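First up is the structure itself, then whatever we jot down about it.
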Amino acid sequence: MEWVEVSTENCTVQRTLDVIGEKWSLLVLRDAMNGVRRFDDFRRHIGLSDAVLADRLRKLVGAGILDSVPYQESGRRTRNEYRLTKKGWDLWPVMLALKGWGDRYTADPEGPPLDVFHADCGEPVHTVVTCGHGHGPLRPQEARTRPGPAARPVGRQ
């Protein structure tokens, strides 16, 4: 069965985009991965409306990507902080890959606004594609695709 013969109704890329594929969701994740936890800080840093931010946070919490953790400052009402779950941190390589592409093709002439480096040696961090045996980095020409165990022919539910 060739790719064009495989139904995309259960495509995991599509399902992932249904959860995180909206611009504001990705920017919330970017900020959460860089230590932002509070609603007002997300709103101020990203520059989106309260309603849109509340919706994106609710969706990311509902998907198990963020946890909502109550906190209370002295004399104030209880509010929530948003912290990445393991499922959320599993998106870190995806975000690094997006950042790497952006650094290469969309950065200012001076370079990117954020550097990510290895805490032990100080060298830049990169995303690399490898196989299960550790061969890599791989180029697209060195990989192949085939239908997976959940593949269904087009037109079959």
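Carbon and sulfur atoms: what percent of the 1.4 Å accessible area of the chain do they account for?
So the carbon and sulfur contribution to the accessible surface is 53 percent.
Using the charge dipole of region 35-157 (Lys, Arg: +1 at Cβ; Asp, Glu: -1 at Cβ; taken about the Cα centre), state which of T106, H135, Y82 has its Cα farthest towards the positive end.
It is Y82.
Using the crude model of +1 on Lys and Arg Cβ and -1 on Asp and Glu Cβ, and no other charge, please compute the dipole size for region 12-57 relative to its Cα centre, in debye to 20.
I would put it at about 120 debye.
Straight-line reach from K86: which aspartates and glutamates fall under 12 Å, measuring Cα to Cα and dropping same-chain residues less than 8 apart?
Candidates past the 8-residue exclusion: D67.
Please work out the FRET efficiency for the pair S7 and D31, using the Cβ-Cβ distance as r and a Förster radius of 30 Å; give the result to the nearest 0.05.
Efficiency, from the Cβ-Cβ distance: 0.25.
Could you pull the accessible area for T106 with a 1.4 Å probe, rounded to 10 Å²?
That residue has around 90 Å² of solvent-accessible surface.
Between exposed GluC sites (Glu not before Pro) in the chain, where DSSP calls loop and at most 16 other Cβ atoms lie within 10 Å, what's the longest gap?
Longest site-free region, per DSSP loop and neighbour criteria: 23-72.
Please report, in debye to the nearest 20, how large the charge dipole of region 68-157 is about its Cα centre when each Lys and Arg carries +1 at its beta carbon and each Asp and Glu carries -1 there.
Roughly 860 debye for region 68-157.
Of the listed values (1) 43; (2) 58; (3) 52, identify the label whose number matches percent of Cα pairs over 22 Å apart calculated from this model.
Identified label for the calculated read-out: (2).
Counting trypsin sites (Lys or Arg not before Pro) as exposed when in a DSSP loop with at most 12 other beta carbons within 10 Å, what is the longest stretch of the chain free of them?
1-75
Counting only protein chains, not ligands or nucleic acids, how are V52, V6 ordered by accessible area (probe 1.4 Å), most first?
Listed by decreasing accessible area, they come as V52, V6.
What accessible area per residue, rounded to a whole number of Å², is obtained for the chain using a probe radius of 1.4 Å?
Value returned for the chain: 75 Å² of accessible area per residue.
The values are calculated or read from the model by the stated rules, or taken from the named source; none is laboratory data. This is a predicted model, so every value here is computed, not measured. Positions of Cβ are generated from backbone atoms using ideal geometry, with glycine treated the same way; all protein chains shown enter the neighbour counts. Each accessible area value is taken on the protein alone, full model and side chains, heavy atoms only, with ligands, DNA and RNA left out. Shrake-Rupley method; radii C 1.70, N 1.55, O 1.52, S 1.80 Å.
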